[in-house]
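> Below is a structure I'd like to ask you about.
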């Protein structure tokens, strides 16, 4: 199958406008007749549900949580980028576009990224109108701060809770549409299968997590906004419920999975401290505006940080990247921390941590100014570690945070299954091999507020959709398949819990498919995962029944799908014989240990097609063409 | 990993509310939690207890949780009679076991309120909160026509106050802590956010009447100035917001 990205012709700056004009429209009176299912209520799903309902479509929205307000977008801390140039510091749509393409190490689509930068300004306007309490200057204007990978200040924020406030804005708009009867909301539902009829996405099967019953819902289009799969690593900054199940079920039904090995490992997280730990906590990248990253110059230095004199500290980011200093992109900052720890210069009990020090900033600006900027983050840090970051430098270490990979989508955000649109972190589209800070919120809301409302209309206006309902035989087939899997999970009655398997999978992925990869390690990981999956299906212990509220069963399903995606991640990493952004294969590096791309052979999106349980997926290539940006070795010096 | 006998390791007795579903009777059951590392979070302690229960064929304790970083508002339980446990300004997921001592008995119950039915064990149905928001907890603006973000200046202190109110995570601790199971802190926080901001003014009256009306209709009690909500709120939302809600409500009724 030839992948068609459907990128419109014409100059980059005019593509989106032209495309919007060329997309067919649905008559306002006819919109009511079209049923759209939206899965997920984070920034992408929440904003899409609200916008589609505002247009008049008949929307059904599903979330796995007890309320749409709890999706994990809520935990995003630092901010959202936009090319407003309010600071008069030389920002522009073009610069945001360029920074994002470069930050992604030239593995994203120019046209998508340009569109993202274009609508970024509309997002801020929309959110202000919704009453999102962004930080303001004394004169009442919107405030900005800096983020990694950029030399302009373009990040809008609401203290350290920007994701929360943007999500509550979208949730407010969604709630308004629920009240108006335009959206029907289904909470505590987990999507377990996509129903495809005549090659088109026509519905979903969900499990009602309270009653345990399986339910069928039919529609004319399905929007998947179910987030990323970073939890495959077991420990990550993702919410406990974040899973790949909905995306993976769609993959099994024919949606290609793109760049699955592109996982963002965020440099500033609270380090791992023990084996029972259930998740990792991010400390916003915005802290790198004022915090200085360092390790002791001498490996094995056991003195407490405050007793190590300036001359014996290695501010390695400032040293190596004077141009960007502590604000290098995430992949560079993470790998640099690993390099320091590998040299034995790590700090703390585990020696897997580096310092993030606010001493100089506090001296310069005063404690109150720092507290106003980062108070809630400092407080969160203290709660977890029982150490006061105003007095002692924070200890940080990289952790899995985001997946740039996701289901393949074209310019319309439609997957390889017609009628299945994929939004936000669940798709692969805009971040290439590394996402810049404050760009996830931008992308989620761009997809939901400003892109899909148009492109879904374009699809519905020209698709010839047969009239179907939940009694169609494909719904029964999907239903039976899902039911059989649940029965199977419950019937194994083995000796190990799902979490126990999950922990082991996480170790494998972190070790062999994490910040540094080697072919031999990846080959080993592939075997280990296959073996672990076999053991899982022989020896997992779930307990309880399928006909009740059963969190243990939910975990088992989640882990089963992570075992599958884990293997696809490894296969993808093996196939990409270059280094780019987050994908650092030891065999491909510059003399200065930076990622060494191979633009001749790997300037493409890798898209994987499911070929059955016992087969490796089939590889498809979407070549990336750069007409406006020159491919260069990324430099942050 | 810590071992028994370590200073940083404690043993606890847990008295946990067990209830199969919303329409059956519940009861307390007692469990031992051994070798609990004091670096664990409260939920990680429950994870370990649950793992043991699964392995010994028992039904694990159901509890809601998701982000585990204190922002999603999913987790929450009464711990020794306190919403989210003994630490001020802390959600249950951010409560660490270092705040407990070896040999402690810890009583764990779900939120108790007529408007929050128990789903299972510690899990409750808080959809009433969503219904309050649906009644008017938003600004009616469609996507498309918003003016430039800087077209409406908002004084910094106003933006900060609005943010103080908007920080609510909708966990329900205020309702659980209140002797009247009132939802006034939750409702007041949302009404305040929009009453403070210029964008919220056009609908201020309608919003106050609709949200307060819905809150009463759903069976939440009234405020009797016990201030328990403010004390137990993990985001330390001020009861000032209740006063502001009352003002907004009265204003809306008279004018």
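The values are calculated or read from the model by the stated rules, or taken from the named source; none is laboratory data. Note that this is a predicted model, so its numbers are computed, not measured. Virtual Cβ from ideal backbone geometry, glycine too; neighbours counted across all protein chains shown.
> How many residues does segment A:583-613 hold that are closer than 23 Å to residue A:527 by Cα, in contact with a helix residue (DSSP H, G or I) (Cβ under 9 Å, 6 or more places away or on another chain) and buried (at least 22 other Cβ atoms within 10 Å of the Cβ)?
Going through segment A:583-613 one residue at a time, the tally reaches 5.
> Yes or no: residue B:125 facing chain A (nearest Cβ under 8 Å) and farther than 22 Å from residue B:236 by Cα?
Numbers: facing chain A (nearest Cβ under 8 Å): yes; farther than 22 Å from residue B:236 by Cα: yes.
Considered against the rule, which asks whether it is facing chain A (nearest Cβ under 8 Å) and farther than 22 Å from residue B:236 by Cα, residue B:125 comes out as yes.
> Right, another one. Working only within segment A:222-242, note down all residues that are within 23 Å of residue A:448 (Cα to Cα) and touching a helix residue (DSSP H, G or I) at 6+ places or on another chain (Cβ under 6 Å).
A:223, A:224, A:225, A:226, A:227, A:228, A:229, A:238, A:239, A:242
> Next question. State all residues of segment A:500-558 that are in a loop (DSSP other than H, G, I, E, B) and over 30 Å from residue B:122 (Cα atoms); if no residue qualifies, say none. Even if it seems obvious, please write down each step before you answer.
Step one: list which residues in segment A:500-558 are in a loop (DSSP other than H, G, I, E, B), which gives A:513-516, A:518, A:542-550.
Once the filter is applied, which keeps residues that are in a loop (DSSP other than H, G, I, E, B) and over 30 Å from residue B:122 (Cα atoms), segment A:500-558 yields A:513, A:514, A:515, A:516, A:518.
> Kindly indicate whether any position in segment A:35-50 is part of a loop (DSSP other than H, G, I, E, B) and surrounded by fewer than 17 Cβ atoms within 10 Å (Cβ to Cβ). Before you say what the answer is, go through the steps one by one.
Just the residues of segment A:35-50 that are part of a loop (DSSP other than H, G, I, E, B), to begin with: A:40-42.
This time we only want the ones that are surrounded by fewer than 17 Cβ atoms within 10 Å (Cβ to Cβ), so: none.
Scanning segment A:35-50, I find no residue that is part of a loop (DSSP other than H, G, I, E, B) and surrounded by fewer than 17 Cβ atoms within 10 Å (Cβ to Cβ), so the answer is no.
> Please find, among A:59, A:101, the residue that is within 20 Å of the chain's Cα centre (by Cα) and buried (at least 24 other Cβ atoms within 10 Å of the Cβ). If you could, list the steps in order and put the result at the bottom.
Values: A:59 fails: within 20 Å of the chain's Cα centre (by Cα).
Going through A:59, A:101 in turn, just one is within 20 Å of the chain's Cα centre (by Cα) and buried (at least 24 other Cβ atoms within 10 Å of the Cβ): A:101.
> What do you reckon, is residue A:344 within 14 Å of chain B (Cβ to nearest Cβ) and out of contact with any helix residue (DSSP H, G or I) (no Cβ under 9 Å at 6 or more places or on another chain)? Write out each step before concluding.
Numbers: within 14 Å of chain B (Cβ to nearest Cβ): no; out of contact with any helix residue (DSSP H, G or I) (no Cβ under 9 Å at 6 or more places or on another chain): yes.
No.
> When only residues in segment A:1-30 that are touching a helix residue (DSSP H, G or I) at 6+ places or on another chain (Cβ under 6 Å) and assigned to a helix (DSSP H, G or I) count, which is surrounded by the fewest Cβ atoms within 10 Å (Cβ to Cβ)?
Checked segment A:1-30; the qualifying residue surrounded by the fewest Cβ atoms within 10 Å (Cβ to Cβ) is A:20.
> Find the residue count for segment B:163-210, including only residues that are more than 24 Å from residue B:84 (Cβ to Cβ) and in contact with a helix residue (DSSP H, G or I) (Cβ under 7 Å, 6 or more places away or on another chain). Step through it out loud before you land on a result.
Narrowing segment B:163-210 to residues more than 24 Å from residue B:84 (Cβ to Cβ): B:194-210.
So of that shortlist, the ones also in contact with a helix residue (DSSP H, G or I) (Cβ under 7 Å, 6 or more places away or on another chain) come out as B:194-197, B:199-200, B:204-205, B:207-209.
Total meeting the criteria: 11.
> Across segment B:204-231, what is the total count of residues that are within 13 Å of chain A (Cβ to nearest Cβ), within 22 Å of residue A:133 (Cβ to Cβ) and either buried (at least 16 other Cβ atoms within 10 Å of the Cβ) or under 17 Å from the mean Cα position of the chain (by Cα) (or both)?
So the count comes out to 4.
> Please enumerate the residues belonging to segment A:465-480 that are without any contact (Cβ under 8 Å) to a residue 40 or more places away in the chain and either at positive phi or assigned to a helix (DSSP H, G or I) (or both).
Filtering segment A:465-480 for residues without any contact (Cβ under 8 Å) to a residue 40 or more places away in the chain gives A:467, A:471, A:473, A:476-477, A:480.
Passing the criteria: A:473, A:476, A:477, A:480.
> Determine which member of the set A:81, A:27 is farther than 19 Å from residue A:421 by Cα and more than 26 Å from the chain's Cα centre (by Cα).
Values: A:81 fails: more than 26 Å from the chain's Cα centre (by Cα).
Step by step, each of A:81, A:27 is checked, and only A:27 is farther than 19 Å from residue A:421 by Cα and more than 26 Å from the chain's Cα centre (by Cα).
> Of the residues A:125, A:99, only one is at pLDDT 95 or above and more than 9 Å from every other protein chain (Cβ to nearest Cβ); which?
Details: A:125 fails: more than 9 Å from every other protein chain (Cβ to nearest Cβ).
Exactly one of A:125, A:99 is at pLDDT 95 or above and more than 9 Å from every other protein chain (Cβ to nearest Cβ), namely A:99.
> Can you tell me which of A:339, A:347, A:295 is closer than 28 Å to residue A:569 by Cβ and either in contact (Cβ under 8 Å) with a residue 12 or more places away in the chain or assigned to a loop (DSSP other than H, G, I, E, B) (or both)? Talk me through it step by step, then tell me what you get.
Details: A:347 fails: closer than 28 Å to residue A:569 by Cβ; A:295 fails: closer than 28 Å to residue A:569 by Cβ.
Selected residue: A:339, the only one of A:339, A:347, A:295 that is closer than 28 Å to residue A:569 by Cβ and either in contact (Cβ under 8 Å) with a residue 12 or more places away in the chain or assigned to a loop (DSSP other than H, G, I, E, B) (or both).
> If I filter segment A:162-175 for residues that are assigned to a helix (DSSP H, G or I) and surrounded by fewer than 21 Cβ atoms within 10 Å (Cβ to Cβ), do I get at least one hit?
no
> Looking at segment A:481-499, I want the residues that are facing another protein chain (nearest Cβ under 9 Å) and part of a helix (DSSP H, G or I) and have a partner that is at pLDDT below 95 and surrounded by 16 or more Cβ atoms within 10 Å (Cβ to Cβ) with Cβ atoms under 9 Å, at least 6 apart or on another chain. Which pairs are those?
A:499/A:278
> Among A:45, A:10, which is away from chain B (no Cβ under 13 Å), within 18 Å of the chain's Cα centre (by Cα) and over 30 Å from residue A:595 (Cα atoms)? Quick ask: steps written out before the conclusion?
On the way: A:10 fails: within 18 Å of the chain's Cα centre (by Cα).
Selected residue: A:45, the only one of A:45, A:10 that is away from chain B (no Cβ under 13 Å), within 18 Å of the chain's Cα centre (by Cα) and over 30 Å from residue A:595 (Cα atoms).
> Separate question: Inside segment A:176-198, can you point out the residues that are out of contact with any strand residue (DSSP E or B) (no Cβ under 6 Å at 6 or more places or on another chain) and either farther than 22 Å from residue A:47 by Cα or in a loop (DSSP other than H, G, I, E, B) (or both)?
Answer for segment A:176-198, where residues must be out of contact with any strand residue (DSSP E or B) (no Cβ under 6 Å at 6 or more places or on another chain) and either farther than 22 Å from residue A:47 by Cα or in a loop (DSSP other than H, G, I, E, B) (or both): A:180, A:181, A:182, A:187, A:188, A:196, A:197, A:198.
> Which condition does residue B:139 not pass, out of (1) farther than 21 Å from residue B:14 by Cα; (2) more than 7 Å from chain A (Cβ to nearest Cβ), if it passes all the others?
All conditions are met except number (2).
> Quickly run through segment B:50-82 and pick out the residues that are free of Cβ contacts under 8 Å to residues at least 60 places away in the same chain, more than 10 Å from chain A (Cβ to nearest Cβ) and either within 27 Å of residue A:187 (Cβ to Cβ) or buried (at least 23 other Cβ atoms within 10 Å of the Cβ) (or both).
Scanning segment B:50-82 gives B:77, B:79.
> Let me ask something else about it. Could you tell me whether any residue of segment A:187-207 is buried (at least 24 other Cβ atoms within 10 Å of the Cβ), in contact (Cβ under 8 Å) with a residue 24 or more places away in the chain, out of contact with any helix residue (DSSP H, G or I) (no Cβ under 7 Å at 6 or more places or on another chain) and facing chain B (nearest Cβ under 10 Å)?
No, that holds for no residue.
> Do any residues in segment A:361-388 that are more than 11 Å from chain B (Cβ to nearest Cβ) have Cβ atoms under 7 Å from those of residues that are surrounded by fewer than 19 Cβ atoms within 10 Å (Cβ to Cβ), where the two are at least six apart or on different chains, and which pairs are they?
Listed pairs, sorted by first residue: A:362/A:390; A:367/A:390; A:370/A:362; A:378/A:390; A:388/A:382.
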